[in-house]
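Below is one structure; the comments refer to it alone.
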Amino acid sequence: MLALDVVLSRGNFTLHAKATIGPGVTGICGPSGAGKSTLLSLIAGLLKPQRGSLHFGDDCLVDVDRGRFVPPWQRHFGLVFQDGQLFPHLSVRDNLLYGWKQLAPEARRFTLDQVAALLEIDGLLGRRPLQLSGGERQRVALGRALLYSPRLLLLDEPLSSLDERLKQQILPFLKRIKTETGVPMIYVSHSRAEVDYLADRVLTVDAGRLSE
Amino acid sequence: MTLTPDEWQALLLSAKVASCATLICLPAGIALAWLLVRRDFPGKLLVDALVQLPMVLPPVVPGYLLLLLLGTQGPVGGWLQAQFGIVLAFTWKGAVLASAVMAFPLMVQPVRLAFRMIDRRLEHAASTLGATPWRVFLSVTLPLALPGIIAGAMLCFSRSLGEFGATMAFVGNIPGETRTLPLAIYSYTHLPDGEAAALRLTLLSIALAFAALIASHLITRRTERLLGQLEPRGRDAGA
């Protein structure tokens, strides 16, 4: 599904990533600073590799040799950040619908009601991000990415800013997304337990190298 | 306090000139501030210094340069007149330009600061949700910078109301055409019986400046609250 073979250097850090990632949930583990977030940014299109290529199915997203680079807004991948990155000036409802509104109506796989019910955030729609707890914020961030009907959902340590109790609350939601929507996911975390709970297969990044 | 027709004329002209100058500075200031914060280009340092220059020069210097350049005898001014029939020197339009040049740095500075404060990751989040760069700018960057933009516009407006030196040098002091509030005050102080009028307009200027600054403060606070950058009022009290 996702085939990548890329090299990216930033300062004295170099990331080599060569892998084929299938459907279902792929966990990516590794210590802090190993290059996990960099890898997700590359897949999302927020960073450009210096060498290599990236394909999603038959769709060539990056091919440095041929000068091809598809920008993030055309990749149709959802990305959930560590701290949610909700738009502070928009209500929860408008945050949720931000990506949804960019889609043609026939490309919308989910409705606001479905996603709000799935993540149990129906009662929060009128609030501002500032009025949410950490756990609520992450669920809204998940919902926002999901409503964009992504071809692939990238999760960058979505639970790391939450305490243990909240993690245990959100993990089942992630599992529900997996079983009820079937959206393929790449789940990055330094916690092996989280990854084992969700993932169908696990890759490791260490010192800038991705391996199976 | 009642104003004479001449004083009214100066007040209304000032309001017109300052409003037009602000309307010109607003889009130009937003564009330039964005470029200075988000893009690297050759000569950036020079552009930056050039924008700030009117703040540190004696105002009469930019005014005189405008006259040399845009006066009817000047290279650009002569061409504008011959091609389009536009005359800037000694007209109210020239007063707008002089005010805009002098107030521009005050517009750029707060907007620039506001752009710099924005978390880039919010823009990244928007782009991974399918928003094109232009859409990201309109729906995330611009609204989040709004308090700075409003503050800049208010400063620009207030500075334009007070413009004196550059206006005097470029467009002179013509009643009904270029005699704004500060120029009217200056003229009255030179008239034997003008003291009362000068004092009235002075008090009026102080009141206007005060009102603009307080309005700017209130609007900025309100916008910040709307944007969720400040705790809502209820939480302030509770904390």
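Just a few scattered comments:
- Whole-Å distance, taken between Cα centres, linking segment A:186-212 and segment B:79-140: 46
- Mean ellipticity per residue at 222 nm, deg cm²/dmol - from DSSP H runs of n ≥ 4 across chain A, formula -39500 (n - 2.57): -9000 deg cm²/dmol
- Anisotropy class assigned to segment A:130-197 is oblate, per the alpha carbon gyration tensor with a/c at or over the 1.5 cut-off and a/b no larger than b/c.
- Order of B:D40, A:D59 under a 10 Å beta carbon neighbour criterion, fewest first: B:D40, A:D59
- Per the Kirkwood formula applied to alpha carbons, segment A:51-129 shows a radius of gyration over Rh ratio, Rg over Rh, of 1.08.
- Relative contact order, percent, segment A:2-211 [alpha-carbon distance under 8 Å, six or more residues apart]: 33
- For chain B, modelled as a GNM whose springs connect Cα atoms under 10 angstrom apart, the maximal fluctuation among B:A31, B:A49, B:A100 occurs at B:A49.
- Around A:R68: net Lys/Arg minus Asp/Glu count, Cβ-Cβ under 15 Å: -1
- Spacing of the modelled spin labels on B:A15 and B:D119, each 7 Å from Cα toward Cβ, amounts to 4.3 nm.
- Put simply, the amide H of A:M185, placed in the peptide plane, has neighbours under 5 Å in A:G24, A:V25, A:T26, A:L153, leaving out anything fewer than 5 places away on its chain.
- Ranked for footprinting exposure by Cβ neighbours inside 10 Å, fewest first, B:C25, A:C29, B:C20, A:C60 give A:C60, B:C20, A:C29, B:C25.
- Global form of chain B, assessed from the alpha-carbon gyration tensor, a/c cut-off 1.5: oblate
- Considering only alpha-carbon pairs that sit under 8 angstrom and 6 or more positions apart, the relative contact order computed for chain B is 29 percent.
- Rounded FRET efficiency, nearest 0.05, which uses the C-beta distance separating A:T20 from A:L171 and R0 of 30 Å: 0.70
- GNM result for chain A, Cα springs below 10 Å: residue of A:F56, A:F13, A:F69 fluctuating most strongly: A:F13
- Karplus (6.51, -1.76, 1.60) ³J(HN,Hα), θ = phi - 60°, over segment B:212-224, in Hz, Gly and Pro reported as x: 5, 5, 5, 4, 4, 4, 5, 5, 4, 4, 5, 5, 4
- Our coupling estimate for segment B:192-208, obtained by passing each phi through the Karplus curve with A = 6.51, B = -1.76, C = 1.60 and θ = phi - 60°, is x, 10, x, 4, 5, 5, 4, 5, 4, 5, 5, 4, 4, 4, 4, 4, 4 Hz, Gly and Pro reported as x.
- Note on A:S32, B:S187: ascending count of other Cβ atoms within 10 Å places them as A:S32, B:S187, the fewest first.
- The overall shape of segment A:65-212 is oblate: from the C-alpha gyration tensor, with semi-axes ordered a ≥ b ≥ c, the ratio a/c is 1.5 or greater and a/b is no larger than b/c.
- Given charges at Cβ of Lys, Arg, Asp, Glu: the protein assembly as shown dipole, positive-most of B:G29, B:A10, A:V140: A:V140
- Selected from B:P143, B:I214, B:M154, residue furthest toward positive end of dipole (segment B:82-239; charges at beta carbon): B:P143
Every number here is computed from the coordinates shown, using simple stated rules; none is lab data. Note that the structure is predicted; figures quoted are calculated from it, not measured. Note that we place each Cβ from the backbone using ideal geometry, even for glycine, and neighbour counts take in every protein chain shown.
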